[in-house]
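Engineer: Below: one structure in structure tokens.
The values are calculated or read from the model by the stated rules, or taken from the named source; none is laboratory data. This structure is a prediction, so every number in the text was calculated from the model and none was measured. So basically every Cβ, Gly included, is an ideal-geometry build from the backbone, and we count neighbours across all protein chains shown.
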Amino acid sequence: MLSAGTAGRVKVGVVASAALYAGALLHVLEQVPGLELERREDAGDGCDVIVLDITAQRATCRVAELSMSASVLVWGGYLHSEQVRQLAAEGASGYLSVISKRDQLVRAVMAVAARERYFPELDEVAAVRLTKAEDRVLQAYLIDMADMTRADVATALGLSDRTVKAHLANARGKVAGQVGSRGALLRALQARGWPDTRV
């Protein structure tokens, strides 16, 4: 059994575009003692927390209006960290992607109900710290010479292929390693603020 872990009742409204999403969210949350649940179409008056499905009509526009009367936890999609930051700037108290686990949803609702912020995506995606040499190689390999082979990039930079390969391996390690393709490495670095976070 999942547990709310706080005293008192928490009134939670679920605003979702599809009955399937609303049903799934309500199903998980109704297992938590201490939550009073209802599906809502509109404003969050009388609720402590609104769980807003990101696919609901005008969801991103509604964050500001809903956050005037309740804490808003946005759920769904798989947003880039910049989009999550925008939601936070518009008044959202938290965000969970569609692939979040049930216990994460419960933790997020309870944190937001306690007036805490819940943005694990922003906490986990810290800016990557690259050396100047790594930054130079990545700029060439991923952006300036993206259509060239690694060996050709090395030649153009006046480096050995082995040196370029080592810099790329170091960069992959700094973004959790499992980024095999050039495009995946670029996306992982961009999610962490590169190239704007240069040393």
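Engineer: What helices (runs of 4 or more DSSP H) lie completely within the stretch 71-187 and have 1 or more residues being under 30 Å from residue 61 (Cα atoms) and touching a residue at least 12 places away in the same chain (Cβ under 8 Å)?
Structural biologist: Numbers: elements: 81-89, 102-113, 120-124, 132-138, 150-157, 161-174.
So the answer is 81-89, 102-113, 120-124.
Engineer: Taking the condition in contact with a strand residue (DSSP E or B) (Cβ under 7 Å, 6 or more places away or on another chain), modelled with pLDDT under 90 and loosely packed, with under 15 Cβ neighbours inside 10 Å, does residue 198 pass?
Structural biologist: Values: in contact with a strand residue (DSSP E or B) (Cβ under 7 Å, 6 or more places away or on another chain): no; modelled with pLDDT under 90: yes; loosely packed, with under 15 Cβ neighbours inside 10 Å: yes.
Here the answer is no, as residue 198 does not meet what is asked.
Engineer: Would you say residue 78 is over 30 Å from residue 158 (Cβ atoms), aromatic (Phe, Trp, Tyr) and either in contact with a Cys (Cβ under 8 Å, 6 or more places away or on another chain) or exposed (fewer than 15 other Cβ atoms within 10 Å of the Cβ) (or both)?
Structural biologist: It is true that residue 78 is over 30 Å from residue 158 (Cβ atoms), aromatic (Phe, Trp, Tyr) and either in contact with a Cys (Cβ under 8 Å, 6 or more places away or on another chain) or exposed (fewer than 15 other Cβ atoms within 10 Å of the Cβ) (or both).
Engineer: Something else about it: Which one of 113, 59 is hydrophobic (A, V, I, L, M, F, W, C) and at pLDDT below 85?
Structural biologist: Details: 113 fails: at pLDDT below 85.
Matching residue, one of 113, 59: 59.
Engineer: Would you please name the residue that is nearest to residue 120 (Cα to Cα), looking only at residues in the stretch 144-185 that are modelled with pLDDT under 85 and surrounded by 15 or more Cβ atoms within 10 Å (Cβ to Cβ)?
Structural biologist: Residue satisfying both the conditions and the ranking: 175.
Engineer: Let me ask another. What number of residues within the stretch 60-70 are surrounded by fewer than 17 Cβ atoms within 10 Å (Cβ to Cβ) and not in a loop (DSSP other than H, G, I, E, B)?
Structural biologist: Counting residues in the stretch 60-70 that are surrounded by fewer than 17 Cβ atoms within 10 Å (Cβ to Cβ) and not in a loop (DSSP other than H, G, I, E, B) gives 4.
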